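Written out below as structure tokens is the structure these notes cover.
The numbers here are math on the coordinates, done by the rules we state, and not lab data. Given the structure is predicted, the values throughout are model-derived calculations rather than measurements. Here Cβ is always computed from backbone atoms with ideal geometry, including for glycine, and neighbour counts include all displayed protein chains.
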Amino acid sequence: MARLPILTAPDPRLKMKAHRVEKVDDEIKRLMEDMLETMYAAPGIGLAAPQVGVLKSVITVDISREGDPRQPLMIANPEILWVSDEDATFEEGCLSVPEHYAEVVRPKAVRVRYLDHENEIREMDADGMLATVIQHEMDHLDGVLFIDRLSSLRRNMILRKLVKAKKVVGA
Ligand code: GNR
Ligand code: NI
């Protein structure tokens, strides 16, 4: 496995749409494993392929607590089948928007169809934090960051700070 560099905003690649994979073959499985390693090292609880510069519809998620057994999810071509009427608000962060956090409102629960790491079609019901992270990762596949769901005032303030931080460290 390999750790991959994570892109940070404002990077034009984070605004692009990912393409569906034809199947989860050895190459996609290797990408999933590299993304998991990258996510755990960051550390993060989710990662989408566009964050590592790969415009493919692949995400990894693990919301298990530190010290508990890992519960890695490796997902390709996720599709939302159903969302709850009820919404939930979570404080979100993003590895591509380092050091900024904000409350985001999303459907509280979702049902998702996807291909797993063995190329099997699966469906999953998620709610709470898991539902939030899956929706956050699926946004990345559409070129959407959590700051795009904030007011433009808030978003632009964060983006200005990220641009300044990049100039300082030359990232
Ligand atoms: O590590 C992460 N934490 C997080 C917290 C609240 C809502 C979403 C997330 S996902 C984020 C990692 C990331 O940037 N995934 O794209
Ligand atoms: Ni993110």
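Summary of values
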item: Cβ-defined net charge surrounding GLY93, 12 Å radius [Lys, Arg +1; Asp, Glu -1]; result: -4
item: Listed residues LEU145, ALA41, THR89: farthest to the positive end of the dipole of the chain (Cβ charges); result: LEU145
item: GluC sites (Glu not before Pro) within the range 36-112, DSSP loop, no more than 15 other Cβ atoms inside 10 Å; result: GLU66, GLU86, GLU99
item: Karplus-derived 3J(HN,Hα), 6.51/-1.76/1.60, for each residue of the range 152-159, Hz, glycine and proline x; result: 4, 4, 4, 4, 5, 5, 5, 4
item: Gain on full stretching of the segment that runs from ASP116 to GLU33 - 0.36 nm per residue minus C-alpha separation; result: 28.7 nm
item: Other-chain or far-sequence residues with amide H under 5 Å of GLY46's (modelled H); result: ASP62
item: Radius 14 Å from Cβ of LEU36, net charge of other residues (Lys, Arg +1; Asp, Glu -1); result: -2
